[in-house]
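Okay, so here's the structure we're looking at.
The values are calculated or read from the model by the stated rules, or taken from the named source; none is laboratory data. On a predicted model such as this, the values are computed, not experimentally measured, just so you know. Glycine gets a Cβ as well: all are built from the backbone with ideal geometry, and neighbour counts include every protein chain shown. Remember, those area values only see protein heavy atoms, side chains included, never the ligands or the DNA or RNA. Shrake-Rupley method; radii C 1.70, N 1.55, O 1.52, S 1.80 Å.
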Amino acid sequence: MSDHASNKQYNVYMQITQKCIKALVNTKRYNTTRRKEEINNDEEAKQQARLQEQQERREAARREAERIAEQAERREAARRQAERLAEQAERREAARREAERIAEQAERRAAARANSE
């Protein structure tokens, strides 16, 4: 083989080798980029899941707080009702005692009248 043919063949070989190396580098770069994107997507999905879970916990806590507040309001209303009923019972008891006192007074007056006649 002549030097010229040998050089030409070497140059073709080098061009093919360089194209192969370039293709491998590009493939590796593409795969690395894709892997990084997948990792980022996984991290974003995990972050979204964490945020969603956190939001659900906050919402559950808010609902629980509302439930507890409503329960406290009902208890307070029941306490006020019990106070009203107790006050009513006290007034009734006072009225009953007053009626007894008036009845006893009337009996004494009637007895005094009967004695004086």
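Here the label points at L24 and R97, each 7 Å from Cα along the C-beta direction, are separated by 10.8 nm in the simple model. Of all lysines in the structure, the ones whose alpha carbon falls short of 17 Å from that of K28, not counting any fewer than 8 places away in one chain, are K19, K36. Taken about its Cα centre, the chain carries a charge dipole of about 620 debye when Lys and Arg each add +1 at the Cβ and Asp and Glu each add -1 at the Cβ. Based on protein heavy atoms only, region 22-105 ends up with 91 Å² per residue of surface accessible to a 1.4 Å probe.
Considering only L24, N40, L51, and ranking their Cα positions along the charge dipole of the chain that arises from unit charges at the beta-carbon of Lys, Arg, Asp and Glu, the one farthest toward the positive end is L24. Spin-label model, K8 to E38: label points 7 Å out along the Cα-to-beta-carbon direction sit 4.6 nm apart.
Helices in the chain, meaning DSSP H runs of at least 4 residues, each add -39500 (n - 2.57). Divided by all residues, the mean residue ellipticity at 222 nm is -37500 deg cm²/dmol.
Of all accessible surface on the chain at a 1.4 Å probe, what whole percent is carbon and sulfur? After summing per-atom areas, the C and S share lands at 52 percent.
Of Q81, Q52, Q15, the residue with the greatest mean-square motion in the GNM of the chain, using alpha carbon springs below 10 Å, is Q15. Placing unit charges on each Cβ (+1 for Lys and Arg, -1 for Asp and Glu) gives region 1-83 a dipole about its Cα centre, and among V12, I68, A82 the Cα reaching farthest toward its positive end belongs to V12. The angle between the Cα long axis of helix 3-116 and the longest principal axis of the Cα atoms of the chain comes to about 0 degrees, rounded to the nearest 10.
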